[in-house]
Amino acid sequence: MSPKVAQGDASATSRIESLDVKLEVIVIPVSDVDRAKAFYERLGWRLDQTPPGIVQLTPHGSACSVQFGPGLTSAAPGSAMAYLIVSDIEAAHDTLAAAGVEVGDVFHVSPDGPVDGPDPQRRSYFSRATLRDPDGNTWLMQEITTRLPGRIEGGLTSFGSTSDLASALRRAAAAHGEHEKRTGEHDDNWPDWYAAYMVSEQSGAKPPE
């Protein structure tokens, strides 16, 4: 029998906060497994090896997968909703559309509700587009390049794919160009500046000046 933890136990709180847990798989409800499998493969998601009767696919660059199959969930097909994070909402939209995937127009959130087009300032979390699988399960694509403080642990900086890394390098290059304009000097130490900028994007820390 597991020992009971007294409410307010500081050491127990510290232990639970440092418990390393990673989200691995989410289950989505579908009515036709083969149809759903074909749809997600058309998105470019990787088909993983799974036990018989279970289909698991993983988006390119993602550490989390989706599963579906008979008996996995009692939820109604089409009732799921989740977020997909991209570094360039317009590029992601155009790539999906070119592959024949029905994806909604890019919009951004505002105090007055959704507005057509990406956020004019390209702020993280604001620009979005929606796509749905054949059952109506909703995926909300959201453009994120700079994380809110505390969202990613400061010592952890990683990129899920070469395209994500390339996008981060392009943003760092553009920001570094502005940095050199401000200082009026060529920066021979640009690799360190790039590194600091890319880490700050993911951790939400103040970027280098």
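Below, the figures for the structure above:
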| read-out | value |
| --- | --- |
| Burial order of peptide ranges 82-89, 185-192 (average beta-carbon count within 10 Å, highest first) | 82-89, 185-192 |
| Stretchable slack from A174 to S74, in nm (0.36 nm times residue separation minus alpha-carbon distance) | 31.2 nm |
| Prolate/oblate/rounded call for region 63-157, Cα gyration tensor, a/c under 1.5 rounded | oblate |
| Net lengthening on full extension, L140/Y125 (0.36 nm per residue, minus Cα-Cα) | 4.3 nm |
| Neighbour cut-off at most 16 other Cβ (10 Å), DSSP loop, chymotrypsin sites (Phe, Trp or Tyr not before Pro), region 153-209 | F159 |
| Calculated diffusion of the chain, Stokes-Einstein form, Kirkwood radius summed over Cα pairs, 20 °C and 1.002 mPa s, µm²/s | 107 µm²/s |
| Beta bridges by DSSP in the chain, antiparallel share as percent, to the nearest 5 | 60 percent |
| Reference-scaled alpha-carbon Rg (2.2 N^0.38 Å with N residues) for region 162-203 | 1.15 |
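All of the numbers you see were taken from the coordinates with simple rules; none came from a lab. This structure is a prediction, so every number in the text was calculated from the model and none was measured. Heads up, the Cβs are rebuilt from the backbone with ideal geometry, glycines too, and the neighbour counts pull from every protein chain shown.
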